[in-house]
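Student: This is the structure I have questions about; it appears just below.
The values are calculated or read from the model by the stated rules, or taken from the named source; none is laboratory data. None of the values given here were measured: they were computed from a predicted structure. Just so you know, the surface numbers come from the protein's heavy atoms only, side chains and all, with ligands and any DNA or RNA stripped out. Shrake-Rupley method; radii C 1.70, N 1.55, O 1.52, S 1.80 Å.
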Amino acid sequence: LTEVYSSSPALGRYFRSAQVISFSNESSTVIYQLVFSVPPSTEGFMESHMNPDFIRNILRQNIYDED
């Protein structure tokens, strides 16, 4: 995740770290925390760039690009 988000043109300059919070072998589930340092609130920034769907789509696009 660190490589994905630090190299992202959209989020790379804001990304600070990724940390695994919980891991389950039984269900192959990982819960992680992403840390971003964002500029003071500007109109629409949080809704567009820090939207969970936007952040998820950056990871999804990276996975598609690797195939």
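Student: Taking the chain as the reference, fit the longest principal axis to its C-alpha atoms, fit the long axis of helix 52-66 to the helix C-alpha atoms, and give the angle between the two in degrees, 0 to 90, nearest 10.
Tutor: Orientation of helix 52-66: about 60 degrees from the principal axis.
Student: Stretched out fully, how many nm does the piece from Glu43 to Arg56 gain, at 0.36 nm a residue minus the Cα gap?
Tutor: Going from the current span to full extension adds 2.5 nm.
Student: Helix-only estimate, please: 222 nm mean residue ellipticity of the chain, summing -39500 (n - 2.57) across DSSP H runs of length 4 or more and dividing by its residues, to the nearest 500.
Tutor: Helix-only estimate at 222 nm: -9500 deg cm²/dmol.
Student: Quick one: the Cα spread of the chain along its three principal axes, in angstroms, biggest first?
Tutor: Largest to smallest, the principal-axis extents are 43, 27, 18 Å.
Student: Per residue, how many Å² of accessible area does the range 1-65 show with a 1.4 Å probe?
Tutor: Result: 73 Å² of accessible area for each residue.
Student: Let me ask you something else. Round to a whole number: what % of the accessible area of the chain belongs to carbon and sulfur, probe 1.4 Å?
Tutor: 51 percent
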